[in-house]
Amino acid sequence: MRSHARVVVVGAGIMGLSTAWNLARRGVKDILVVDRAYLCAGASGRNGGGVRAQFSTETNIRLMRESIAICREFAAQMRINVWFRQGGYLFLTRSDDKARALEASVAVQNRCGLPTRLLEPAEALRLVPELSIEGVVRVSFNPEDGVVFPWPFVWGYARAAQELGVEIATFTDVAGFETRNGRITAVRLRPTRLGETARGEEVLPAGEEFTVTCDEVVCCAGAWSPAIAAMVGVALPNKPHRHEICSTEPLKPWLGPLVADLTDGLYFSQSMRGEIVGGVSVEPVPEGINQQSSAAFLAKYSRSLVRAVPRMARVKVLRQWAGCYDLTPDANPIVGRVDEPANLTLACGFMGHGFMMAPVMGRLLAEHVDTGATSELFARWSLERYRTGKLLSESMIIG
């Protein structure tokens, strides 16, 4: 491994890899991406692959329009099939207050140019005839939303970045940082091989540390970001939150859109191989980073899914797994440079939306790191807002 890097990216998920690839495309040399485990070990390999522009704020809507446009061209540009399909997102609400919030969100989406339509419950049956609309008050549908297969999306960025000279070091843990005069001067790294205890907890066996000097550090470590930032005295308010997913046996194709219920956080879609893949919100969850599966999730998901589509009661479950959302107090990310160390850029706290926003955020972050350019977006999402009390909002959160 190189002994010096102009930019060290912590986290080889899709956010870190997209940032590294975009930096390399700008002509930046000596880029090192480090990750404590293997590619797709974190949230980038554990999510449902949803990509949507149906949000409640103009910032998220416009960003996701750009991200979806990148997704359309990704397979051809990166020479890898990500199975991107635009079947749309069908949002359901089961209460008057949720219906009013949905109507307000759709109004914002339409002003931003999205073709989202508000539907009466009965109209949703034209899109998903198997759906039960009992108790459903209002529905929205945007045909441009879609789903990708997460793993090749990550692999595509990794291969393309490596072809441009980016070094990706997996099974490499960040042991600490060296600082001088308010800047990070080096990253201390330790090779690891991920193991598990008898209780399924991840452990990282100690290895011999080595040091890589650097000019810039970008933290894209998802749920691990608070621990990374704390190494240089930066306190982050985001917390990891376990979310689980279930996959059924393959079925004949019958489901076009991804269906999401804003009442309980249920979402489900059908993969290209026929499985129904989805999740639902479950509380409480264990504190800290926890990627174990639970019977409580399977019970709630089963009830919610069968309420939405009664015929799913007879379908067999293949497997379930878990990953961690990176939650912030105001459901918006933390992005941009911090005051000190001055050469640390954060890209974390994306809730469950980092995967879908990474294509466009990687481009914006690369420009920010390379040139120091700032924008209204980075000011809006800065860590500073938690000190000044200028908190944001986003109501269309699922899962």
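Any chance you could count how many residues in region 219-271 are surrounded by fewer than 20 Cβ atoms within 10 Å (Cβ to Cβ) and part of a strand (DSSP E or B)?
Number of matching residues: 2.
Against the definition (open to solvent by 40 Å² or more (accessible area, probe 1.4 Å), under 16 Å from the mean Cα position of the chain (by Cα) and farther than 27 Å from Glu73 by Cα), how does Leu318 come out, yes or no?
No, not satisfied.
Any idea which of Arg337, Arg363 is of a type in the set (D, E, K, R) and within 19 Å of the chain's Cα centre (by Cα)?
Exactly one of Arg337, Arg363 is of a type in the set (D, E, K, R) and within 19 Å of the chain's Cα centre (by Cα), namely Arg363.
Which condition number in (1) open to solvent by 30 Å² or more (accessible area, probe 1.4 Å); (2) assigned to a loop (DSSP other than H, G, I, E, B) is the one that Glu66 fails?
The number of the failed condition is (2).
This table checks each residue for (1) part of a helix (DSSP H, G or I); (2) open to solvent by less than 40 Å² (accessible area, probe 1.4 Å).
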{"site": "Thr345", "(1), (2)": "no, yes"}
{"site": "Met357", "(1), (2)": "yes, yes"}
{"site": "Leu364", "(1), (2)": "yes, yes"}
{"site": "Ala379", "(1), (2)": "yes, no"}
{"site": "Ser382", "(1), (2)": "no, yes"}
{"site": "Tyr386", "(1), (2)": "yes, no"}
{"site": "Glu394", "(1), (2)": "no, yes"}
{"site": "Ile398", "(1), (2)": "no, yes"}
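Within region 296-335, can you find the residues that are within 26 Å of Pro240 (Cβ to Cβ) and basic (Lys, Arg)?
Lys300, Arg303, Arg319
Here is a yes/no grid of residues against (1) at pLDDT 95 or above; (2) over 30 Å from Ser140 (Cα atoms); (3) among the small types (Gly, Ala, Ser):
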{"residue": "Ala20", "(1), (2), (3)": "yes, yes, yes"}
{"residue": "Leu23", "(1), (2), (3)": "yes, yes, no"}
{"residue": "Asp30", "(1), (2), (3)": "yes, yes, no"}
{"residue": "Gln54", "(1), (2), (3)": "yes, no, no"}
{"residue": "Thr59", "(1), (2), (3)": "no, no, no"}
{"residue": "Leu63", "(1), (2), (3)": "yes, no, no"}
{"residue": "Ser67", "(1), (2), (3)": "yes, no, yes"}
{"residue": "Ile70", "(1), (2), (3)": "yes, no, no"}
{"residue": "Ala75", "(1), (2), (3)": "yes, no, yes"}
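So which of Met356, Met351 ends up being touching a residue at least 40 places away in the same chain (Cβ under 8 Å) and in contact with a Phe, Trp or Tyr (Cβ under 6 Å, 6 or more places away or on another chain)?
Met351
If I filter region 99-119 for residues that are in contact (Cβ under 8 Å) with a residue 60 or more places away in the chain and surrounded by fewer than 16 Cβ atoms within 10 Å (Cβ to Cβ), do I get at least one hit?
Checking region 99-119: not a single residue is in contact (Cβ under 8 Å) with a residue 60 or more places away in the chain and surrounded by fewer than 16 Cβ atoms within 10 Å (Cβ to Cβ).
What tally of residues in region 39-49 results from selecting those that are of a type in the set (Gly, Ala, Ser), surrounded by fewer than 24 Cβ atoms within 10 Å (Cβ to Cβ) and touching a helix residue (DSSP H, G or I) at 6+ places or on another chain (Cβ under 7 Å)?
2
So which strands (runs of 3 or more DSSP E) stay within region 72-191 end to end and still have 3 or more residues that are among the charged types (D, E, K, R)?
172-180, 183-191
The values are calculated or read from the model by the stated rules, or taken from the named source; none is laboratory data. From a predicted model like this one, the values you see are computed outputs, not experimental measurements. For neighbour counting, all protein chains shown are included, and Cβ atoms are generated from backbone atoms with ideal geometry for every residue, glycine included. Side chains are part of the model used for accessible areas, which takes the heavy atoms of the whole protein and leaves out ligands, DNA and RNA. Shrake-Rupley method; radii C 1.70, N 1.55, O 1.52, S 1.80 Å.
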